[in-house]
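Quick notes on the structure that follows.
Read-outs throughout are calculated quantities, based only on the coordinates presented, and are distinct from any laboratory measurement. Predicted, not measured: the structure shown is a model, and the values here were computed from it. A quick note on method: Cβ atoms are made from the backbone with ideal geometry, for glycine too, and the neighbour counts reach across all protein chains shown.
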Amino acid sequence: MSLNLQEWIVEADITELQVAMEEGHVTSEELVTEYIDRIHRYNPQINAVLEINPDAISIARGLDRERQDSGSRGMLHGIPILLKDNIDTGDQMHTSAGSVALAGSVASQDATVAAKLRSAGAIILGKANMTEWSNFMSSYMPAGYSSRGGLVLNPYGPGELFVSGSSNGPAAAVAANFATAAIGTETAGSIIGPACQHFLVGIKPTVGLASRAGIIPISASQDTPGPIAKTVKDAAIILGVLTGADERDQATMSSEGLSYTDYTFFWMRVI
């Protein structure tokens with residue numbers, strides 16, 4: 001199997017990436033390097049990514065060594081994922097909700113969903129742009145605008161097609177193949193809307209299925225994080241990693257014993 005990485009990565013899903021890494025056709029480091037190259041080439045045209053994790057390549061190398069030495073942790077091992085800029089990461093990256101007021105803010109620890117992704121072997125590639133403060137500061141702010149990152153544009157029609165919701169940076173980034181998938185947040189349409197506008201799959205989980213701890217909030221009764229991906233199966237794989245009770249978010253206690261760690265079973269039933 002000979003891969004033209006630049007072309008293949010555009011259509012590859014999580015399962016195909018895992019097979020290629022297991023068979024030695026590509027490494028996680030190579031995936032990260034290719035995604036970063038795409039961000040440098042195309043992001044200036046759509047403003048989907050705010051910053052790249054400076055540790056991403058070294059993390060990928062470590063996960064490649066771990067795969068060789070002790071095997072894969074699972075379906076997200078070595079998979080690069082972007083996070084919306086309202087989700088904390090306890091690393092060198094910032095969490096600003098798209099605002100210049102928090103442009104220098106660095107979290108002391110990971111949001112629960114970020115920690116779960118890392119534990120599953122995913123690489124947090126960077127932070128995606130978003131509508132500033134999830135568009136709860138002004139009724140006149142255009143979807144996708146942030147004072148920190150500028151205006152997110154839809155890669156399928158920059159300046160012409162609507163981006164929708166506040167998780168438009170994660171959606172535009174996945175549509176432009178800047179990462180395999182992304183995590184957005186939704187209060188009322190901010191995952192589903194951008195996913196629809198960018199021809200992607202977005203899941204807004206029931207509130208309490210995935211922890212909001214470490215995420216800049218809007219509404220305690222509506223907020224939730226969820227995946228944005230290229231396929232239903234990819235979204236289901238990621239959702240299974242995000243679920244579970246968390247003492248830092250009391251709403252998750254209602255899902256204790258009721259959530260799953262593998263939602264691909266339901267995807268199989270659909271097809």
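Cross-link reach is defined here as a Cα-Cα straight distance under 17 Å, omitting same-chain residues fewer than 8 places apart; for LYS230 the aspartates and glutamates meeting it are GLU7, GLU11, ASP13, GLU16. Per residue of the chain, the DSSP helices (runs of n ≥ 4 H) give a summed -39500 (n - 2.57) that works out to -9500 deg cm²/dmol at 222 nm. Other residues whose C-beta falls under 15 angstrom from the C-beta of GLN222 contribute a net charge of -1, scoring Lys and Arg +1 and Asp and Glu -1. Remark: spin-label model distance PHE136-GLU66 equals 3.3 nm, labels positioned 7 Å along the Cα→Cβ axis.
For the stretch 191-261, trypsin sites (Lys or Arg not before Pro) meeting the loop criterion (DSSP other than H, G, I, E, B) and having at most 13 other Cβ atoms within 10 Å: ARG248.
Three semi-axes describe the equivalent ellipsoid of the stretch 52-133; taken as square roots of 5 times the Cα gyration tensor eigenvalues and ordered largest first, they are 26, 11, 10 Å. Spin-label pair ALA188-HIS25: with each label point 7 Å from Cα along the Cα-Cβ axis, the two points sit 4.6 nm from one another. Computed extension gain for ARG73 through SER105, at 0.36 nm per residue and net of the alpha carbon distance, reaches 8.4 nm. Taking the alpha carbon gyration tensor of the chain, multiplying each eigenvalue by 5 and rooting it gives semi-axes of 26, 22, 18 Å, largest first.
Working note: Cα atoms of the stretch 141-237, range along each principal axis, descending, whole Å: 36, 32, 18.
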